[in-house]
Amino acid sequence: MSRGVELDGASLTVDQVAAVARGMAAVTVSKAAVARAAPGRAAVEKALAANEPVYGVNTGFGKLAHVRISPADLKQLQRNLILSHAAGVGNPLPTDFVRALMLLRANVLIKPTSGVRPVLPERLVALLNGRIHPIVPEQGSVGASGDLAPLSHLALVLIGEGEVETAAPGGRVAAATALRAAGIEPIELEAKEGIAFINGTQAQAAILALMVHDARNLWRTAHGAAATSLEALRGTPDPFDERLHRTRPHPGQLQSAALLRELLSGSEIRESHRTGDPRVQDAYSLRCTPQVLGSVWDAIEFAGRVIDIELNASTDNPLVIDGAIFSGGNFHGQPVALALDILTIALTTLAGIAERRIERLVNPDLSQGLPAFLTRQPGLQSGLMMIQITAASLVAESRTLCTPASVQSIPTDANQEDFVPMGMAAAFKARRVLANAQRVVAAELICAAQGLEFLKPLRPGRGVERVYRRVRELVPPLDGDRPLTPDIERVTAAVAAGSLV
């Protein structure tokens, strides 16, 4: 289990999200944060006592905001909100994304701006630590007023409704059954607590947080694949010289070139063809790796800056600030949706250039003397012919998913919510493209490692040799035709774990 995470509403990080979502790190709620949140709840109680109209507290929601609700019905109002908005459809979100969602929602609810009792975030933390995971359908959110449907399915469990997945035998069970077994009491929502729970960007933000974490890992691994391909194709590292890149100092480009130099340092293969090589320069997919993957890094880091803010932002509505209650639009997911769309494009670019290097490795017209499809008996054996076709199909699919979701607004709620960001649609596409890109990079690693077999006893750069050995721990050299799917999936799992470079 990973190191524990304490929530205070202000300092949650991407790495902590990954530790809780995947490493099952224990979670606690800061006592100091609970104390800081108390005035926010007091402001809500004061407004109720004064019988002031406050949106979503003693009024209806959305288009029905003009309807005043009697004090006797305020608890029922919040419960009805959760029940009516639990309208998600489709496959359940994977458990790691649900855990991230739970963590982010608890972190927001502990903020003074939410105006809820501490029992809400504390109960979410109890579910996390008990590995009781709500079933949250992945479709049905337009991203404003927040991720209403996914968060409602999460809130259902707190009030003893809906379904959960547990670590116990039997898996998917009624929430009431799981809560009873864990000794956790369902919550009766007080005024404002239902709307505070579901107004927010935490479903799309949870996905963005894990996407940024995974994209950073993939970016580094993609350099391991690119450097290994360069060695197998007997390319030159000269275009990665720091002096060249200082003349165009994009941050990602500088980092990419430096990483390639590190991986390729000490190459015997390079020394073997330093003189007498008739090529003046390599193809773009080799020579321009820092320019391409550098721009991918800059896009990943843009998404990283967005999620760093969003993890600790107040995205409820209304918000309690300095004792006053403001109705605004911080629940609008446009920043997150746009970051997800940009990440989708960036990861498709990463996969696209990797596929081009695969083609150079397997194509005897481009591979600088390597045998066709990297097999010792071309014709009798097809070797790695199909691995390039698989990669091509994944890149083609990813390109179709690059159409932005964040510009696809369809008005909702009787045109009250007339411009929405479609953040969960952007997240759905980004997740698919990430998986595709991980498999394409895995395919390149398999092909590049196979290419190195034909250059022995020459040894590649020290970093490339480490990558090669790690690949060989997962898949043996291709000595004859065999099904390639198990090889691809084993290497993909290592790529996803960030354990190859």
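See the values below:
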quantity: Computed lengthening from ALA50 to SER11, 0.36 nm per intervening residue step minus Cα-Cα distance; calculated: 10.6 nm
quantity: Assigned charges on the beta-carbon of Lys, Arg, Asp, Glu; the chain dipole about Cα centre (debye); calculated: 840
quantity: Least to most buried among ARG41, ARG3 (fewest other Cβ within 10 Å first); calculated: ARG3, ARG41
quantity: Among VAL212, THR177, LEU189 - extreme Cα towards positive end, dipole of the range 168-226, charges at beta-carbon; calculated: VAL212
quantity: Length added when fully stretched, ASP73-LYS31, from 0.36 nm per residue minus Cα-Cα; calculated: 11.9 nm
quantity: Charged-residue dipole, Cβ positions (Lys, Arg, Asp, Glu), the range 5-200 about Cα centre, Debye nearest 20; calculated: 240
quantity: Per-residue HN-Hα couplings for the range 173-184 [Karplus 6.51, -1.76, 1.60; θ = phi - 60°; Hz; x = Gly/Pro]; calculated: 9, 4, 4, 4, 5, 5, 5, 4, 5, 8, x, 10
quantity: Cα lying deepest toward the dipole's positive end in the range 5-200, options LEU154, GLY56, LEU101, charges on Cβ; calculated: GLY56
quantity: Net length gained if the chain between VAL173 and ILE410 were fully extended (0.36 nm per residue, minus Cα distance); calculated: 81.8 nm
quantity: Computed E for ARG399/VAL280 - FRET, C-beta separation, R0 22 angstrom, nearest 0.05; calculated: 0.10
quantity: Efficiency of FRET from Cβ geometry, GLN139 and LEU64, R₀ 22 Å, rounded to 0.05; calculated: 0.35
quantity: Placed amide H near ILE321: partners under 5 Å, 5+ positions off or other chain; calculated: PHE326
quantity: Given LYS75/LYS111; LYS63/LYS111; LYS192/LYS429; LYS31/LYS429, the pairs whose alpha carbons are separated by over 30 Å; calculated: LYS192/LYS429; LYS31/LYS429
quantity: Alpha-carbon centroid distance for the pair the range 207-229 / the range 260-319, whole angstrom; calculated: 9
quantity: Ascending count of other beta-carbon atoms within 10 Å, so fewest first, for CYS447, CYS402; calculated: CYS402, CYS447
quantity: R0 of 56 Å, Cβ-Cβ distance ARG248-GLU453: FRET efficiency to nearest 0.05; calculated: 0.95
quantity: Overall form of the range 445-493 per C-alpha gyration tensor (a/c, 1.5; a/b vs b/c); calculated: oblate
quantity: Net dipole in debye of the range 64-140 [+1 Lys, Arg Cβ; -1 Asp, Glu Cβ; about Cα centre; nearest 20]; calculated: 240
quantity: Furthest towards positive pole of dipole, GLN281, ASN317, GLY329, structure part the range 238-347, Cβ charges; calculated: GLN281
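Here, each number is a calculation from the coordinates, and none is a lab measurement. Note that the coordinates shown come from a computational prediction; the quantities given were computed from them, not determined experimentally. Counting neighbours? That spans all protein chains shown, and the Cβs are built from the backbone with ideal geometry, glycine included.
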